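What follows is a single structure, written as structure tokens, with notes after it.
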Amino acid sequence: MTVGVIAGQPEPHFERNMSRLPVSSSKRVLLASSSSSENGQDVEPAQKKIRKDPEPVKPQAAATIIGGRRLPAAATRAPISRPVRGVGAATVAVGPSRGVLKQSIASTAAKGGNAKPTVAPACPKTGVVGGSKRQPWDLKGKVIDMEGKIRNYQTKVKATSQENETLKGTMVQSQSRVAEVEKTVARQRSQISEYEAELQVLSGVRDELEMVSSDKSTLEKELSNFESKHKVMETLRESQETELQTLKMKLSVQESTLARLQVTLRDTEEEVSSLKDTVVQQKDELHAGEMERRRLHNAIQELKGNIRVFCRVRPLVEGGLSKHIQLAASDSTTITLAKTEESHTGKAADTQKNYNFNFDRVFGPQSLQQEVFEEISLLVQSALDGYNVCCFAYGQTGSGKTYTMEGDECDESRGVIPRAVKQIFRAAEKLAAQGWEFTFTASFVEIYNESLRDLLYSGKASKRPEHEIRKSSSNEVTITNLTYERVCNEDQVLGLIMLANQNRSTAQTTQNDRSSRSHSVFQLDIEGVNVGRDVKCKSTLCLVDLAGSERMLKSQSQGERFKEMTSINGSLSNLGIVITALANKESYVPYRNSKLTYLLQGCLGGNSKTLMFVNISPETDSFGETLNSLRFASKVNDCVIGTASANRK
């Protein structure tokens with residue numbers, strides 16, 4: 001039985017469907033798969049190259065038999081040398097897209113390396129990235145380091161989350177493409193089964209078998225192509241499954257890393273919270289310790305006495321030791337003046353009369369400036385704690401008062417004033433870490449012939465203003481029209497001291513080539529506030545260099561020098577009267593008798609801690625002046641002014 005194909009009918013549908021499948025290079029896919037398996041690294045596979053499909057060829061009509069003749073197969077079919085596909089056919093040979101990955105990961109995978117974020121090495125102890133070990137006391141620095149570490153972890157978590165979302169999207173795309181490939185394979189298998197059924201029908205027809213023998217060979221070749229394509233699809237599916245497993249492993253690793261980072265973040269947050277609580281507790285303890293230190297420090301100063309007297313002996317100009325001044329080697333608080341008296345009758349031997357004095361501390365001729373200041377450094381600290389402190393030098397002309405208070409420009413020879421200022425500013429810097437803020441105001445006034453002069457005045461001498469001492473409602477002593485300079489560091493204060501020395505009144509006497517003819521008073525007003533503790537303190541550090549005291553006969557002063565000496569001795573005598581009244585606890589103390597005692601009223605009998613330096617000359621001809629100075633210092637040492645209290649709010 002001969003079966004023919006009617007002319008004008010389309011060729012069987014299996015041929016059309018076969019023509020829709022493109023031919024892809026199996027060699028290229030296998031090479032890509034083998035390359036990926038040989039590397040054995042956890043990398044992102046590179047994007048496969050897509051081979052362009054050949055130009056589509058329009059399907060030809062099936063072979064027909066007209067009048068018992070068979071047309072040649074070449075005229076009715078498309079050439080089998082190149083695959084054809086119908087317009088609109090789906091292309092499944094090309095490997096599926098792998099989604100949009102991060103640029104950094106894709107580029108790293110293309111080179112065959114693992115995509116790992118680069119993180120700067122961190123110090124294992126402090127957590128400081130690239131930093132050195134923090135000091136144990138630097139709690140604030142540790143908190144800053146922990147905050148930086150938290151920010152790094154947060155950045156890592158955010159990057160990991162973004163990469164996780166990208167991987168999830170890629171996995172979904174891969175699954176959808178695998179499903180499409182499986183559908184295509186099933187469709188091709190069904191087509192193959194249809195082809196086999198048609199081949200069985202055609203095999204029973206001998207005549208038609210002869211007609212389509214050439215078609216059979218073509219179909220066999222196409223079937224071979226389909227089988228090769230099927231193998232390629234199977235290989236591609238296996239590659240996709242392997243890639244899917246790799247993505248699942250990466251996702252699992254990323255999830256575990258994310259969980260670990262979350263745990264670390266929680267631990268870090270708990271540690272930071274604990275550190276913050278510890279810092280607050282330590283600040284409270286530090287403040288309580290500072291308050292206790294001030295209380296104990298003041299208790300020690302109270303035990304030493306609110307008025308203390310130090311004696312300092314100036315060395316001889318030519319060197320050596322004075323015979324009439326005796327200092328005990330084992331006792332630094334006593335000094336003895338020895339005077340040899342001739343016998344009035346001439347029969348008895350010369351007698352030696354000793355005058356013994358006791359003070360809080362006696363410094364010999366070899367004492368250094370640093371050694372002297374160390375004895376009063378604790379008293380200077382009290383000024384920063386809120387107590388009024390006064391230190392003044394007393395003695396005859398040329399006994400070393402100015403050297404003790406001011407010293408020289410050399411660091412080793414600096415006196416009490418520059419060293420006290422240096423200590424004040426350094427202590428203020430340390431207290432700033434505890435929340436204290438200090439403001440300092442300096443002034444320099446001179447008492448010359450019972451009149452006040454501003455040593456920091458820089459205007460014309462003819463326009464110099466007048467000054468008066470006023471007492472406020474809170475018993476604070478102030479001076480009108482006086483220059484008050486706000487200072488922030490030690491250098492500014494030293495500059496003011498140099499300016500004051502240039503403006504101070506000096507003159508030549510028989511006792512000294514450049515004798516101070518006035519009393520100079522340096523005041524440093526201190527105001528401190530601790531905002532966090534709501535604590536304020538206010539105090540004054542007063543450092544006084546008194547004018548030289550000597551008898552009129554010895555100084556041989558005349559004219560203007562005589563007037564200056566009379567004024568100096570008068571103010572010093574009034575100072576002695578005030579101190580005597582305080583020692584006797586009299587109800588009335590004559591502070592207003594002189595400008596010096598009126599200005600020092602708060603330091604002598606008020607809420608203050610007072611230190612007096614009595615400077616003595618070692619020369620033999622100064623024995624009388626030395627004895628008078630030591631007697632005056634003894635009166636001051638016997639004075640009791642009561643307990644001082646801090647000026648706090």
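Evaluate the following for residue 153: is it part of a helix (DSSP H, G or I), more than 29 Å from the chain's Cα centre (by Cα), at pLDDT 85 or above and surrounded by 14 or more Cβ atoms within 10 Å (Cβ to Cβ)?
It is false that residue 153 is part of a helix (DSSP H, G or I), more than 29 Å from the chain's Cα centre (by Cα), at pLDDT 85 or above and surrounded by 14 or more Cβ atoms within 10 Å (Cβ to Cβ).
Would you be able to say whether some residue in segment 362-370 is assigned to a helix (DSSP H, G or I), at pLDDT 90 or above and either surrounded by 14 or more Cβ atoms within 10 Å (Cβ to Cβ) or under 42 Å from the mean Cα position of the chain (by Cα) (or both)?
yes
Looking at 437, 466, 429 in this structure, which one is open to solvent by 50 Å² or more (accessible area, probe 1.4 Å), farther than 30 Å from residue 593 by Cα and outside any strand (DSSP E or B)?
When all the criteria are applied, what remains is 429.
Show me the helices (runs of 4 or more DSSP H) entirely contained within segment 546-626 in which 1 or more residues are modelled with pLDDT of 85 or more.
560-583, 595-599
Please verify whether residue 244 is of a type outside the set (Phe, Trp, Tyr), modelled with pLDDT of 90 or more, part of a helix (DSSP H, G or I) and open to solvent by less than 70 Å² (accessible area, probe 1.4 Å), treating the condition exactly as stated.
yes
Every residue in segment 523-545 that is open to solvent by 10 Å² or more (accessible area, probe 1.4 Å), of a type in the set (Asp, Glu) and at pLDDT 85 or above, please.
Within segment 523-545, 525, 527 meet the criteria.
Would you point out the residue of segment 247-294, among those that are among the aliphatic types (A, V, I, L, M) and without any contact (Cβ under 8 Å) to a residue 12 or more places away in the chain, that is farthest from residue 157 (Cα to Cα)?
Per the stated criteria, the residue is 291.
Would you mind stating whether residue 431 is more than 30 Å from residue 283 (Cβ to Cβ), modelled with pLDDT of 85 or more and of a type in the set (A, V, I, L, M, F, W, C)?
no
In segment 226-236, is there at least one residue being surrounded by 13 or more Cβ atoms within 10 Å (Cβ to Cβ), closer than 30 Å to residue 160 by Cα and in contact (Cβ under 8 Å) with a residue 24 or more places away in the chain?
yes
Please verify whether segment 436-453 includes one or more residues that are touching a His at 6+ places or on another chain (Cβ under 6 Å) and not aromatic (Phe, Trp, Tyr).
Yes - at least one qualifying residue is present in segment 436-453.
Please go through segment 576-598 and give me each residue that is in contact (Cβ under 8 Å) with a residue 40 or more places away in the chain and either closer than 30 Å to residue 323 by Cβ or open to solvent by less than 10 Å² (accessible area, probe 1.4 Å) (or both), ordered by number.
576, 579, 594, 596, listed by residue number.
The values are calculated or read from the model by the stated rules, or taken from the named source; none is laboratory data. Since the structure is predicted, the reported quantities are computational estimates derived from the model, not experimental observations. When we count neighbours, we look across all protein chains shown, and the Cβ atoms used for this are built from the backbone with ideal geometry, even at glycine. Surface areas here come from the heavy atoms of the whole protein model, side chains and all, with no ligands, DNA or RNA. Shrake-Rupley method; radii C 1.70, N 1.55, O 1.52, S 1.80 Å.
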